[in-house]
Each structure stands twice: as C-alpha cells, then as structure tokens.
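Worksheet: one structure, shown below.
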Amino acid sequence: MATTTTKIKYNVDYIQKALAQAYQSENLHVEHVESATRKQNGENFCSDIYRLTVKYRKTPESPIEVGKYVIKNLYPDVAVMGTCEKLLLLQILPAMDEILGKASPLTEHKLNANCLYCDPTPGTEDYLLEDLNALSYTSMDRQKGLDLYEAKICLQKLGQFHAASMVLIQEQPELVGKLPPSQYSKGIKFDLGRVIIINGTNYAAKAFANEMPEIAAKMKAQIPDAYAKRMRSVVDPKNSAFNVITHGDLWVNNILIDKAAEKAVFVDFQSSFVGSPAIDLHFLFYTSLELDVLLHSQTELLQHYHESLTNTLKACHYTGSIPTFQQVTDEIERCLLYGYYAAVCELPICCATREASEDFGLHTFEDDEVMLKKRGQLFSNPRFLKTVRATLPIFHEKGVLETP
C-alpha cells in the first residue's frame with residue numbers, strides 16, 4: 001500500500017499518473033512514496049520544491065524500481081503571469097540536448113534535469129523532474145560565492161549551453177521565435193522593475209552618499225529614464241555582436257555542480273530570452289563569484305568560456321561565423337550596465353544571510369514598507385558591501401553611471 005511520510009498537495013494518484021506517462025507504462029503502479037519539502041526562504045521566490053523517493057512497478061509482474069524525483073510547483077501568481085519554462089523544458093532544451101548528443105567528440109553534455117511530466121492544467125506550472133542530487137550534483141554556497149575552480153566548471157557548461165542555442169537559432173528559428181523578449185525590453189517601470197531596480201538603486205545611492213557622493217549622485221540621476229533606455233539597449237538582440245538563448249537568471253542557486261567529475265547543470269528557466277551572451281556572463285560574475293575571482297580572474301574565465309563555446313560550435317558543425325574572443329569581450333563592455341544592475345540590485349538578494357533570509361519571500365517584494373526594512377538587512381551584509389565598494393568605482397570609471 002502506498003504511503004507518504006510528508007504530507008504534500010501531490011497525492012499518490014498524481015505521482016502514479018505522472019510516472020505512467022513519463023515511462024509510457026499505463027499499468028505502472030506506485031508502491032510507496034517518501035517526500036520532503038525543501039525550505040527555500042531567500043533561495044527561490046517563485047516556486048515550491050518537493051523531493052520524492054518513489055518505489056513502483058511498471059507492470060504487475062515487474063520488479064520494484066526506485067526513482068528519485070523533484071516536483072517543482074510555480075506559485076499561482078507566477079504561473080498565471082506565464083513564464084517560458086514550459087517551452088524550455090518541453091521543447092527547447094530537449095532540442096539543444098539532441099544537438100549536443102550528435103556532436104563529436106563531446107562526451108559530457110547534460111544541460112539540465114530531464115522533465116518527465118508537465119501538468120497540463122491551465123494556469124498551473126507543475127513539473128516532475130529527475131532529482132539532480134541523486135546524480136551527484138550539489139548546490140554551492142550562495143553566501144560565499146564560487147571560487148575559481150567552481151567558476152570554470154560553470155563557464156564550461158555555459159559555453160556548451162550558448163553554443164547549442166546558437167545552432168538551434170540557426171536550425172529552428174520558428175521554435176526559438178516563441179521565446180518572449182527580456183522583461184526589460186520595454187524598460188523598468190513595471191512592478192518587479194520598480195521594486196528591484198528603481199527602489200534598489202535609489203536605496204543604494206542613499207546608502208553610499210556619504211562615502212561616494214559623486215558616484216551616488218550619478219546613480220540617482222540615472223533613475224528611471226536614462227537607466228531604462230540603456231537597459232533596453234543592452235537586452236535588445238539587434239544590438240548584439242552575436243546572440244544566444246540566455247538562461248536569464250544564472251546565479252549560483254540555479255547551478256548544480258559535480259565537482260569530482262567537473263560537471264555542472266542549470267535549473268530554473270523562467271527568464272530565458274534571445275540576447276547577448278554577456279547577459280548571463282555579467283549576471284553570473286556579479287552575483288556569484290568570490291570577490292577576488294571577480295576582480296582578478298574575469299579575463300581567464302572569459303577565455304575558458306570562449307574556448308568551450310568555440311569547441312562546442314565546431315563539434316556541432318555550426319555553419320555560421322564562430323564568435324571571436326574579441327567579440328565576447330566587446331559584448332562584455334557593451335553590456336556592463338547589466339553587471340552594475342546585478343551587483344547593486346540582485347547581489348544583496350542573492351547573498352542574503354541566513355538571518356535575512358528567514359522571512360524573505362515573494363510577499364516581501366509586494367509590500368514597500370516590508371521591503372524597505374528588509375533592504376536594511378540585505379545592505380549590511382559584509383560580502384555585498386565589499387563587492388559594491390570595490391566595483392562601483394570601476395563602473396564609474398568605465399562610464400556606466402553617466403547620464404547622456
């Protein structure tokens with residue numbers, strides 16, 4: 001008789017239906033389920049994650065098999081607004097995996113957790129995924145950030161991911177055309193843009209006004225119009241030297257690593273769009289690298305990324321022009337505003353302390369007064385303060401803070 005050790009909204013019948021479809025076995029029967037909810041305050045603001053261990057038989061005569069899975073449930077408000085994750089998990093990522101699977105001499109090319117089932121109920125986004133932890137992939141420390149070794153593993157995978165997407169853009173433009181543009185393609189005057197960018201930048205400018213008065217004044221002067229104009233330019237694919245399918249939210253919590261095997265995979269594809277590779281590179285660098293790596297190893301990491309991108313494109317017999325390293329670095333310079341945005345607006349959230357994360361959820365962003373108090377905690381984080389103090393003068397020197 002099937003049982004559960006943790007009560008969740010997904011009963012045995014639901015899991016049995018999902019696995020029967022996933023394994024194309026209509027007689028599949030679930031014998032036993034163990035489940036646990038992953039607590040995610042300050043970790044993930046859009047979904048609940050349930051980890052399952054399931055004992056099942058594919059037919060009455062079959063031996064018992066044991067599978068480890070994850071159910072990802074997007075919050076109703078997020079699911080109703082719509083994301084591109086379903087398109088990624090069911091169509092685009094499988095197509096990219098097929099492209100890489102045909103490439104020689106690539107041996108390791110896994111990009112993501114396989115999606116075994118997607119709930120077809122309108123207005124919901126529920127996915128049954130393979131459990132990456134069971135495949136030896138683990139999360140890194142978001143409060144510490146990635147060291148150089150870990151970062152290189154991530155950049156190796158990002159090169160593969162972007163290369164496969166370039167082949168897909170060339171071979172299946174209609175499929176890729178289903179992706180929506182960046183959420184910032186029309187500016188920053190929407191609810192999340194207001195909370196994250198407008199309020200976040202204004203708070204940061206005020207916080208550093210005494211310490212860096214000229215920089216703080218320029219930060220404030222850009223908000224909202226000059227900032228929005230430059231952001232639209234950065235995310236517009238027409239302005240890129242070359243385009244990829246971006247992950248769109250590539251920070252340490254959305255990457256799992258098998259350090260021993262030097263492999264990485266990505267999760268959470270709700271924000272993907274076609275644009276410059278520098279979008280993912282800047283977001284990863286300024287939210288997820290240890291400060292010493294960020295300040296002193298960017299060129300080395302970009303070379304590592306470019307080598308992976310180039311080798312993968314050649315292995316996939318890409319018929320377009322293979323991007324040069326100069327084109328990669330030119331895109332990094334052109335899109336530096338995205339690094340500034342990541343450092344000032346996203347890093348304080350990404351590296352929040354355990355104490356600051358305790359009551360930090362989607363509801364926090366919906367209440368300006370609560371978010372204002374939360375920013376007091378976020379901006380007192382030593383890692384954030386060290387990173388911003390080190391990088392704001394660089395952004396200033398490179399002209400990112402200028403208002404035309």
Could you list all residues from region 113-126 that are buried (at least 18 other Cβ atoms within 10 Å of the Cβ), modelled with pLDDT of 95 or more and either assigned by TED's automatic domain parsing to the domain that holds Leu90 or assigned to a loop (DSSP other than H, G, I, E, B) (or both)? Ala113
Hey, any hits in region 165-176 for a residue that's under 23 Å from Thr83 (Cβ atoms) and loosely packed, with under 14 Cβ neighbours inside 10 Å? yes
Can you tell me which residue in region 286-309 is surrounded by the fewest Cβ atoms within 10 Å (Cβ to Cβ), limited to those that are of a type in the set (S, T, N, Q) and in contact with a Gly (Cβ under 8 Å, 6 or more places away or on another chain)? Ser308
Of all residues in region 79-90, which are crowded, with 17+ Cβ neighbours inside 10 Å and either of a type in the set (Val, Ile, Thr) or modelled with pLDDT under 90 (or both)? Ala79, Thr83
Going through (1) farther than 15 Å from Val267 by Cβ; (2) out of contact with any strand residue (DSSP E or B) (no Cβ under 8 Å at 6 or more places or on another chain); (3) not charged (D, E, K, R) one by one, Cys84 fails only at (1)
Considering each of Leu385, Leu362, Leu347, Leu378 in turn, give the residue that is under 18 Å from Gln298 (Cα atoms), of a type outside the set (Val, Ile, Thr) and under 25 Å from the mean Cα position of the chain (by Cα). Leu347
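Looking at Glu307, Glu402, Glu300, Glu346, which one is outside the structural domain of Ile188 (by TED's automatic domain parsing) and either modelled with pLDDT of 95 or more or in contact with a Ser or Thr (Cβ under 9 Å, 6 or more places away or on another chain) (or both)? Spell out how you get there, then give the answer.
On the way: Glu307 fails: outside the structural domain of Ile188 (by TED's automatic domain parsing); Glu300 fails: outside the structural domain of Ile188 (by TED's automatic domain parsing); Glu346 fails: outside the structural domain of Ile188 (by TED's automatic domain parsing).
Result: Glu402 is the single residue among Glu307, Glu402, Glu300, Glu346 that is outside the structural domain of Ile188 (by TED's automatic domain parsing) and either modelled with pLDDT of 95 or more or in contact with a Ser or Thr (Cβ under 9 Å, 6 or more places away or on another chain) (or both).
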Against the condition under 24 Å from Cys154 (Cβ atoms), of a type in the set (Asp, Glu), assigned to a loop (DSSP other than H, G, I, E, B) and more than 20 Å from the chain's Cα centre (by Cα), how does Glu108 come out, does it pass? yes
May I ask you to list pairs of residues, at least six apart or on different chains, whose Cβ atoms are under 8 Å apart, with the first in region 136-147 being under 25 Å from Tyr69 (Cβ atoms) and the second being exposed (fewer than 13 other Cβ atoms within 10 Å of the Cβ)? Ser136/Ala260; Ser136/Ala261
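Got a sec? Which of Leu100, Leu93, Leu129 is surrounded by 18 or more Cβ atoms within 10 Å (Cβ to Cβ), touching a His at 6+ places or on another chain (Cβ under 6 Å) and outside any loop (DSSP other than H, G, I, E, B)?
Working: Leu93 fails: touching a His at 6+ places or on another chain (Cβ under 6 Å); Leu129 fails: touching a His at 6+ places or on another chain (Cβ under 6 Å).
Being surrounded by 18 or more Cβ atoms within 10 Å (Cβ to Cβ), touching a His at 6+ places or on another chain (Cβ under 6 Å) and outside any loop (DSSP other than H, G, I, E, B) holds for just one of Leu100, Leu93, Leu129, which is Leu100.
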Here is a list: Ser321, Ser276, Ser357, Ser308. Which entry is within 23 Å of Val167 (Cβ to Cβ), out of contact with any helix residue (DSSP H, G or I) (no Cβ under 8 Å at 6 or more places or on another chain) and of a type in the set (S, T, N, Q)? Ser321
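The values are calculated or read from the model by the stated rules, or taken from the named source; none is laboratory data. Computed from a predicted structure; not experimentally measured. Methodologically, a virtual Cβ is constructed for each residue, glycine included, from the backbone with ideal geometry; neighbour enumeration extends over all protein chains shown.
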